[in-house]
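Asker: Quick one: the structure is below, questions incoming.
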Amino acid sequence: MKRKNFNQSIKYKIGIFIIAVISALIVDICFDFFVVEYTSSGFGEILREISVCYELQDALTNEKAQFAYYIKNRDKKEELLKSCERTDEIVEKLPLDLRYMDNERYARVWSIKNSYPVYADKRQEIIDSDYDAKDFIEKVYDIYEMQDYLIGYGERLMDITLSENNEIYQRQEKFFKRLPFIIGIVLLPIIVWIIYMAIRLQALILAPINKMVEVSKNIVWKTLEECINTLSIVLILISTSSIFGYCLTTLHVPDMAASAITGFTSNPIILALLLNLILLILGCIMDMAPIILIATPILLPIANSIGIGPIQFGIMVILNCGIGLLTPPVGGVLFIGSAVAKLPMEKVVKATLPFYLCMIITLLLITFIPMISLGLPVLFGSL
């Protein structure tokens, strides 16, 4: 339960940090968008107005040239009409809004827009008339004068537009000079906030982790201490058993025991029971390894003489030694179980008494029914 709450706490803290970072980035993006929009809208409008004035100048000049060529040669009428249509469209696009223009520029645009329709009608009249028409030459010169008038107004409009937009640019230039400081003022709190949240998150995450590490260290040292205590018991038992086995070998006790066994009786059943009894007694006071090394060379010939094979005898030895490890006074497994369970030896022995009976019955069955231990080797053809 604590681990689950710990994981949820870390997820919550990381989630808060991510939300804070995303919020800071959104604020920064909105500010950048505002700056870009403000910049593009201001300069975009200036460029559009200058572009329209330039197009008007170019269209009027081109139309004047096309008109003069047409009057002299009466040729390329379609190109002249296209030039006139382009001039019509540009004049129509001229902005005329007093809210965003000064009085002089407004007056120039108003004059062009109002005088151009009169000029367009007379121009069309000349295009559609013949050379022989009455007053043709006078009307042509009137058109020339009106074209010069419109071109002059267009040039003046260009100058006024450039001057007015230059003032707008000068005002915005002050803003752009201050822009790095404004960006710094806006971004500095965001950066400080992100750094603070990162440090805070690091502290919030590392604190429980450090605590968990300290608890783990205590658990490790405690477990290591218990392992050393248990291992010391086992090593003492093994060393004592090894010393005892060395003493038995030096005193020729196994040889005397073998001679006593063979001289006591020749009944196979009694000999098998004596072999188990000897192994059980040795298992109670010695470790498994010394028993196998000392008793096997002595007792195996006796077991073979009564019809017990090496495999069956090996299983008998291991089972007897296993029972001996659970039997006082030197039952290694009893000491280990008592140390691990932290219970007195008497309670452990009392709790294992029913299992002794089961193990003794199993030992007798293995001793007197060879197929229990030899069934699988015979089945697989190993014997």
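Asker: Give me the pairs: first residue in segment 16-27 and farther than 14 Å from Ile195 by Cβ, second residue modelled with pLDDT under 70 and surrounded by 12 or more Cβ atoms within 10 Å (Cβ to Cβ), beta-carbon distance under 6 Å, and six or more apart or on different chains, which are they?
Answerer: So the pair list comes out empty.
Asker: Moving on. Restricting to segment 307-332, and then to whatever is over 11 Å from Leu275 (Cα atoms), without any contact (Cβ under 8 Å) to a residue 40 or more places away in the chain and among the aliphatic types (A, V, I, L, M), can you tell me which residue is surrounded by the fewest Cβ atoms within 10 Å (Cβ to Cβ)?
Answerer: Taking the candidates together, the pick is Ile318.
Asker: From the list Ile323, Ile292, Ile308, Ile360, which one is β-branched (Val, Ile, Thr), in a loop (DSSP other than H, G, I, E, B) and under 19 Å from Ser373 (Cα atoms)?
Answerer: It is Ile308.
Asker: What are the pairs, 6+ residues apart or on separate chains, where a residue within segment 260-272 that is under 15 Å from Gln312 (Cβ atoms) has its Cβ under 8 Å from a residue that is assigned to a loop (DSSP other than H, G, I, E, B)?
Answerer: Filtered contacts from segment 260-272: Pro268/Ile306; Pro268/Gly307; Leu271/Thr265; Leu271/Ile306; Ala272/Ile306; Ala272/Ile308.
Asker: Kindly indicate which of Leu224, Leu274, Leu237 is modelled with pLDDT of 70 or more, surrounded by 14 or more Cβ atoms within 10 Å (Cβ to Cβ) and outside the structural domain of Val21 (by TED's automatic domain parsing). Talk me through it step by step, then tell me what you get.
Answerer: Numbers: Leu224 fails: surrounded by 14 or more Cβ atoms within 10 Å (Cβ to Cβ); Leu237 fails: modelled with pLDDT of 70 or more.
Only one candidate qualifies: Leu274.
Asker: Yes or no: segment 367-374 includes at least one residue that is without any contact (Cβ under 8 Å) to a residue 12 or more places away in the chain, in a helix (DSSP H, G or I) and either within 30 Å of Leu251 (Cα to Cα) or more than 60 Å from the chain's Cα centre (by Cα) (or both).
Answerer: Step one: filter segment 367-374 for residues without any contact (Cβ under 8 Å) to a residue 12 or more places away in the chain, giving 369, 371-372.
This time we only want the ones that are in a helix (DSSP H, G or I), so: 371-372.
Keeping just the survivors that are either within 30 Å of Leu251 (Cα to Cα) or more than 60 Å from the chain's Cα centre (by Cα) (or both) gives 371.
Scanning segment 367-374, I find at least one residue that is without any contact (Cβ under 8 Å) to a residue 12 or more places away in the chain, in a helix (DSSP H, G or I) and either within 30 Å of Leu251 (Cα to Cα) or more than 60 Å from the chain's Cα centre (by Cα) (or both), so the answer is yes.
Asker: Would you check if Ile270 is over 24 Å from Leu326 (Cα atoms) and assigned to a helix (DSSP H, G or I)? Explain how you work it out, then say what you get.
Answerer: Numbers: over 24 Å from Leu326 (Cα atoms): yes; assigned to a helix (DSSP H, G or I): yes.
Yes; evaluated as a whole, the condition is true for this residue.
Asker: Might you let me know whether segment 36-58 holds any residue that is in contact with a helix residue (DSSP H, G or I) (Cβ under 9 Å, 6 or more places away or on another chain), assigned to a helix (DSSP H, G or I), modelled with pLDDT of 70 or more and of a type in the set (S, T, N, Q)?
Answerer: Within segment 36-58, one or more residues are in contact with a helix residue (DSSP H, G or I) (Cβ under 9 Å, 6 or more places away or on another chain), assigned to a helix (DSSP H, G or I), modelled with pLDDT of 70 or more and of a type in the set (S, T, N, Q).
Asker: Name the residues in segment 351-364 that are surrounded by 11 or more Cβ atoms within 10 Å (Cβ to Cβ) and either closer than 30 Å to Cys227 by Cα or not hydrophobic (A, V, I, L, M, F, W, C) (or both), would you?
Answerer: Keep residues of segment 351-364 that are surrounded by 11 or more Cβ atoms within 10 Å (Cβ to Cβ), which gives 351-352, 355-356, 359-360, 362-364.
Result: Ala351, Thr352, Phe355, Tyr356, Met359, Thr362.
The values are calculated or read from the model by the stated rules, or taken from the named source; none is laboratory data. Model, not experiment: these values are computed from the prediction. Here Cβ is always computed from backbone atoms with ideal geometry, including for glycine, and neighbour counts include all displayed protein chains.
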